[in-house]
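Visitor: My questions all concern the structure below.
The values are calculated or read from the model by the stated rules, or taken from the named source; none is laboratory data. This is a predicted model, so every value here is computed, not measured. Cβ placement follows ideal geometry from the backbone for every residue including glycine, while neighbour counts extend to all protein chains displayed. The area values use the complete protein model at the heavy-atom level, side chains included, leaving out ligands, DNA and RNA. Shrake-Rupley method; radii C 1.70, N 1.55, O 1.52, S 1.80 Å.
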Amino acid sequence: MITKKIEYFRYDKLETGILIENKPYLLTVGDKNALREVRTSEDHKALSRKLRDTLTYKKGVIESQKLSVIKEISDSLKSFFIDSVDITEDINHLEVFLNPSELALIPFELLLDENDTPRFISKRNGGQLLTRNDRNAKDLNKNIPETPRVLFAYVTPPYNKTDVLFKEVPYKFHKTAIKSALKNRGGEERLKVLENPTFDQFKSTILQAAAEKDQYTHIHLLAHGLLRLDKDHPSEFEYGVAFNTEKVDPKNYKSTSAEEIKSIFEGLSSKDLPYLVNYMICDGANFTNGALPDRNPLQVTFNLGVPIVIGSQFPLSMEGSTMVTKSLYKRLFRGDDIRQILLDIRTDLYNKKPHKDSHDWISLLSYMNLSSAYEYELLNHKTKCQLAILNNIRDSANKETIFENNNDFKRVKYQIRESIKVLNKEVTEIQEKKVKEKEFLEYAGLLGSAYKRLTEVELKEGNILDSDTSNNQLEYLNEAKEWYKKAAEKNRSHHWSIVQYLSLKTVLEGHLNEDDLDFWYAARGAAKNEITPNATWPYGTLIELYVLNPNTVTDSHRDEILEFALELTKNAKKLGKKEHVNSTYLQIERYSNWWNNSNFRIPENILANEQDFIKKILSFLVY
C-alpha cells in the first residue's frame, strides 16, 4: 500500500483541548506539503449529542434517520479534511495524525464521497484506508511477531454484582474464529482463554506471561463498555470496560478505567508489549470527554507503544464484532497486510450490514504505527506464514484419520489452492524486480511446494477412496517443477530449488539432460559451500542430488550419502531441529512409496531406483 500522511496542529498545548466551532488548525498533507489553515464546523457539545443520539442500537433509531445525520455530519466535516481530488489514485492509505487531542472526537471514518457512500471502503476503482496516529505515541518500530500467542478474554458481568442486565457477549463465535485462524499457526496451544475475569485477573495473566518469557503477541478483549461516573468529580466521566468483580456490591460497581488499562502496558517492557490489541467493546474508543485525553483505553494502549490497536468509537453490534474477529485473525495469521485487512473489514461492515440498522462501519477505529520496514518485513512474514500452513497441511495429510470422505479432501485442497492464490499474487508483483530476488526465490519455491502438497492430497484421495487421481497428480507435479525451475534459473546458488526441480524432472521425464546436469553441479557446489559445523539443510540437498545422478552410484558415493545422512541427523539433534531430519526423510521416502509406480519414470541407472538403498538412507535419517 502507498501511504499519505495527513497531520493536524494547533498552537498551545496539544495534550488537552475542547472542540470549539470555527477554531483554527494547521493541516499538512504529505512530507513536503505547505501548511494550510482549516476550521472546525461544530463544537464538542453539538457534535457529541448528534453522534450519541444517532449512532446507537437503541429502539426508535432507524436506518433512514442515521443516514440523514451521517450525511449532515459528513458535509460539515469535508471542509476540515482533505478533498478526495487532492489525493492521487495510487494513494490507498491515509494516515491521520491527530496531534491536538480533541480531534479524536471527530469521526473521520464517517466521511462520505460525492455519491454519498463511505469514502474509506473498497470500490471498483480501488479504495482508501484511514488509520489514526499520534506524535505523542511511543515509536518502538516493533516487528511482526513470527509466531502468534493470543490471549482471548471475554466478560459478561453478572447482574447481582453490577445491577446492570448485560446481554451475553458472543464469545463462542469469537473463540471459534480465533481457534480456526490458529489452526495452521501452532493450534490451540497458542491460545489462552480467560472466562469472565476480573480486571486484576486479566492484568496478572498478561504480566505473568511476560515474566515467564511467553508474552502475548495479540490480545483480544470482548466485553461491554459502560459509562463510568464519579459523584465526587462529575466532570471526570469516561467510558470504561465492564469487567467482572469479586465483590457483590452492585450499588458501587464501576467499570474499569482507562488509567487502570494503562497500568497493564506500563508494567511491560517494550519487547513484551503485544503487537496488536483488539478491544471489541462498545464505546471502547469513545472520546466524549475531550478534557481528559487519557480517558480512552485505545489511546492509552497505543500511546504506550502497541503498534496496532483496534476498537469501536461508538456502540458496536455483536454481529459486527464477530465479523471483525473472524476476518481479522483469519487473514492476519496467514500473513496478509493489516492495512488491507482493515479496509476490507470496513467494506464488509458497510456492504453486508451484520445488523439491520448497522453503523458498525463508522464505529470501527484503528490506531496504527507500523515499522519503517513494514513492506519488506511483510514479504518475509508472509513467506513464513505460508510455509507454516503448507507444512501443517502436509503433516495432517500423513494422518489418514482426518480423511473420511470426499468433503475432507475438498476442504484440504481448497486450503492449498487459497495459499497458491496468495503466493501467485505476491510473486507476480515482484518477479521482475531485481531488488526482490530473494523474495521471488522464496515465493517460487513455496509455490512449487504448494503444488506438491496438492499432489500428495490427490495421492491420498486415490488410495483411500479408491479413485484414479493420477492425471491430477501429474498435472500438479509439472506445475511444481516449473516453479522450481524458475527459481533455479533466477539463482543457481539456491540449491534447494534446484534439487526439487531435478527430482521432479527425473521422475516425470525419466532423465536429466546436459543443462540439467549443469544445474546439478551448481547445486552441489552451492550446498558444499554452505556446510558449517552445525549445517543441516545442505546435507539434505546433497543426499538427494547423489541419488539422482547416474555418475554417483559407486560404493564410495554410497558411503558419502550415508555420511551426509549421519551429519544431518547429528547436527539437527544438536540444534533441536527435528523438522530438518523429517523434511529430508519425507522427500527421500517418496522414491520408495510413491514415485516408484507406473505413473512415474525413475531411470534404472540411478540410486533413486534402488529400493534397498533408499530404505538404508531412511534408516540413517532417524531423529
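Visitor: Name the single residue that is nearest to Ser74 (Cα to Cα) among those in the range 4-51 being of a type in the set (S, T, N, Q) and modelled with pLDDT of 80 or more.
Guide: Applying the filter and picking the extreme gives Ser41.
Visitor: Moving on to the next point. Kindly check whether there is at least one residue in the range 218-229 that is over 24 Å from Phe166 (Cα atoms) and at pLDDT 95 or above.
Guide: Yes, the range 218-229 contains at least one residue that is over 24 Å from Phe166 (Cα atoms) and at pLDDT 95 or above.
Visitor: Could you grab the pairs with beta carbons closer than 9 Å, sequence gap of 6+ or different chains, first residue in the range 474-488 and over 10 Å from Val499 (Cα atoms), second one open to solvent by less than 50 Å² (accessible area, probe 1.4 Å) and not in a helix (DSSP H, G or I)?
Guide: What qualifies is Leu474/Phe600; Leu477/Phe600; Ala487/His494.
Visitor: Looking only at the range 1-54, filter to residues that are among the basic types (Lys, Arg) and under 26 Å from Leu316 (Cα atoms); which one of those is surrounded by the most Cβ atoms within 10 Å (Cβ to Cβ)?
Guide: Checking each candidate, the answer is Lys50.
Quick grid of which residues meet (1) within 23 Å of Glu489 (Cβ to Cβ); (2) open to solvent by less than 70 Å² (accessible area, probe 1.4 Å); (3) not basic (Lys, Arg):
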| residue | (1), (2), (3) |
| --- | --- |
| Asp515 | yes, no, yes |
| Asp518 | yes, no, yes |
| His557 | no, yes, yes |
| Asn593 | no, no, yes |
| Ser598 | no, no, yes |
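Visitor: Looking only at the range 167-178, how many residues end up being touching a strand residue (DSSP E or B) at 6+ places or on another chain (Cβ under 9 Å) and assigned to a helix (DSSP H, G or I)?
Guide: 4
Visitor: For the condition surrounded by fewer than 19 Cβ atoms within 10 Å (Cβ to Cβ) and in contact with a His (Cβ under 8 Å, 6 or more places away or on another chain), what is the one hit in Glu530, Glu579, Glu509?
Guide: Of the residues listed, the single one that is surrounded by fewer than 19 Cβ atoms within 10 Å (Cβ to Cβ) and in contact with a His (Cβ under 8 Å, 6 or more places away or on another chain) is Glu530.
Visitor: Could you check the range 105-136 and list, in sequence order, the residues that are at pLDDT 85 or above, within 27 Å of Ser270 (Cα to Cα) and either surrounded by fewer than 18 Cβ atoms within 10 Å (Cβ to Cβ) or of a type in the set (A, V, I, L, M, F, W, C) (or both)?
Guide: Leu130, Arg135
Visitor: Taking the range 76-102 as the search range and keeping residues that are more than 24 Å from Ile2 (Cβ to Cβ) and touching a strand residue (DSSP E or B) at 6+ places or on another chain (Cβ under 8 Å), which one is surrounded by the most Cβ atoms within 10 Å (Cβ to Cβ)?
Guide: Here the answer is Pro100.
Visitor: Going through the range 55-69 one residue at a time, which ones are surrounded by 13 or more Cβ atoms within 10 Å (Cβ to Cβ), over 17 Å from Ala104 (Cα atoms) and either in contact (Cβ under 8 Å) with a residue 60 or more places away in the chain or among the hydrophobic types (A, V, I, L, M, F, W, C) (or both)? First the steps, then the outcome.
Guide: Taking the range 55-69 first, the residues surrounded by 13 or more Cβ atoms within 10 Å (Cβ to Cβ) are 55-57, 61, 63, 65-67, 69.
Subsequent filtering for residues that are over 17 Å from Ala104 (Cα atoms) retains 56-57, 61, 63, 65-67, 69.
Of everything in the range 55-69, those that are surrounded by 13 or more Cβ atoms within 10 Å (Cβ to Cβ), over 17 Å from Ala104 (Cα atoms) and either in contact (Cβ under 8 Å) with a residue 60 or more places away in the chain or among the hydrophobic types (A, V, I, L, M, F, W, C) (or both) turn out to be Thr56, Tyr57, Val61, Glu63, Lys66, Leu67, Val69.
Visitor: Determine if the range 428-445 includes at least one residue that is surrounded by 16 or more Cβ atoms within 10 Å (Cβ to Cβ) and either modelled with pLDDT under 70 or under 15 Å from the mean Cα position of the chain (by Cα) (or both).
Guide: No, the conditions are met nowhere in the range 428-445.
Visitor: Right, another one. Return the residues of the range 474-495 that are part of a helix (DSSP H, G or I) and either surrounded by 21 or more Cβ atoms within 10 Å (Cβ to Cβ) or at positive phi (or both); say none if nothing qualifies.
Guide: Tyr476, Leu477, Ala480, Lys481, Trp483, Tyr484, Lys485, Ala487, Ala488, His495 - these are the residues of the range 474-495 that are part of a helix (DSSP H, G or I) and either surrounded by 21 or more Cβ atoms within 10 Å (Cβ to Cβ) or at positive phi (or both).
Visitor: So Asp200 passes all but one of these: (1) among the acidic types (Asp, Glu); (2) without any contact (Cβ under 8 Å) to a residue 12 or more places away in the chain; (3) under 23 Å from Lys330 (Cα atoms). Which condition number does it fail?
Guide: Every condition holds for Asp200 apart from (3).
Visitor: With open to solvent by 20 Å² or more (accessible area, probe 1.4 Å) and either in contact (Cβ under 8 Å) with a residue 24 or more places away in the chain or among the hydroxyl-bearing types (Ser, Thr, Tyr) (or both) as the only criterion, which of Lys179, Lys172, Lys213, Lys167 stands out?
Guide: Lys167
Visitor: For a quick check of your reading of the model, give me the residue pairs whose first member lies in the range 32-53 and is in a strand (DSSP E or B), whose second is of a type in the set (S, T, N, Q), with beta-carbon atoms closer than 7 Å and at least 6 apart or on different chains.
Guide: Val38/Ser79; Arg39/Asn22
Visitor: Filter the range 552-576 for residues that are of a type in the set (Ser, Thr, Tyr) and farther than 18 Å from Gln611 by Cβ and give the result.
Guide: The initial filter retains those residues of the range 552-576 that are of a type in the set (Ser, Thr, Tyr), namely 552, 554, 556, 569.
Those that are of a type in the set (Ser, Thr, Tyr) and farther than 18 Å from Gln611 by Cβ: Thr554, Ser556, Thr569.
Visitor: Here's a check for you: in the range 516-551, which residue that is touching a Leu at 6+ places or on another chain (Cβ under 7 Å) and of a type in the set (Val, Ile, Thr) is nearest to Thr584 (Cα to Cα)?
Guide: Filtering the range 516-551 for residues that are touching a Leu at 6+ places or on another chain (Cβ under 7 Å) and of a type in the set (Val, Ile, Thr), the one nearest to Thr584 (Cα to Cα) comes out as Thr536.
Visitor: Okay, moving on. Tell me, please, whether a residue that is out of contact with any Lys or Arg (no Cβ under 6 Å at 6 or more places or on another chain), crowded, with 17+ Cβ neighbours inside 10 Å, assigned to a loop (DSSP other than H, G, I, E, B) and at pLDDT below 90 can be found in the range 185-205.
Guide: yes
Visitor: For Val422, are the conditions met, namely being in contact with a Gly (Cβ under 8 Å, 6 or more places away or on another chain), hydrophobic (A, V, I, L, M, F, W, C) and at pLDDT below 80? Quick ask: steps written out before the conclusion?
Guide: Values: in contact with a Gly (Cβ under 8 Å, 6 or more places away or on another chain): yes; hydrophobic (A, V, I, L, M, F, W, C): yes; at pLDDT below 80: yes.
So Val422 fits the description; yes.
Visitor: Of the residues Leu454, Leu423, which single one is of a type outside the set (Val, Ile, Thr) and either over 21 Å from Trp496 (Cα atoms) or over 20 Å from the mean Cα position of the chain (by Cα) (or both)? If you could, list the steps in order and put the result at the bottom.
Guide: Numbers: Leu423 fails: either over 21 Å from Trp496 (Cα atoms) or over 20 Å from the mean Cα position of the chain (by Cα) (or both).
Among Leu454, Leu423, only Leu454 is of a type outside the set (Val, Ile, Thr) and either over 21 Å from Trp496 (Cα atoms) or over 20 Å from the mean Cα position of the chain (by Cα) (or both).
Visitor: Restricting the range 384-400 to residues that are in contact with a helix residue (DSSP H, G or I) (Cβ under 6 Å, 6 or more places away or on another chain) and modelled with pLDDT under 70, which is surrounded by the fewest Cβ atoms within 10 Å (Cβ to Cβ)?
Guide: Looking at the filtered set, the residue picked out is Ser396.
Visitor: Here are Leu364, Leu370, Leu378: which of them is modelled with pLDDT of 80 or more, surrounded by 14 or more Cβ atoms within 10 Å (Cβ to Cβ) and closer than 19 Å to Glu319 by Cα?
Guide: On the way: Leu370 fails: closer than 19 Å to Glu319 by Cα; Leu378 fails: closer than 19 Å to Glu319 by Cα.
Being modelled with pLDDT of 80 or more, surrounded by 14 or more Cβ atoms within 10 Å (Cβ to Cβ) and closer than 19 Å to Glu319 by Cα holds for just one of Leu364, Leu370, Leu378, which is Leu364.
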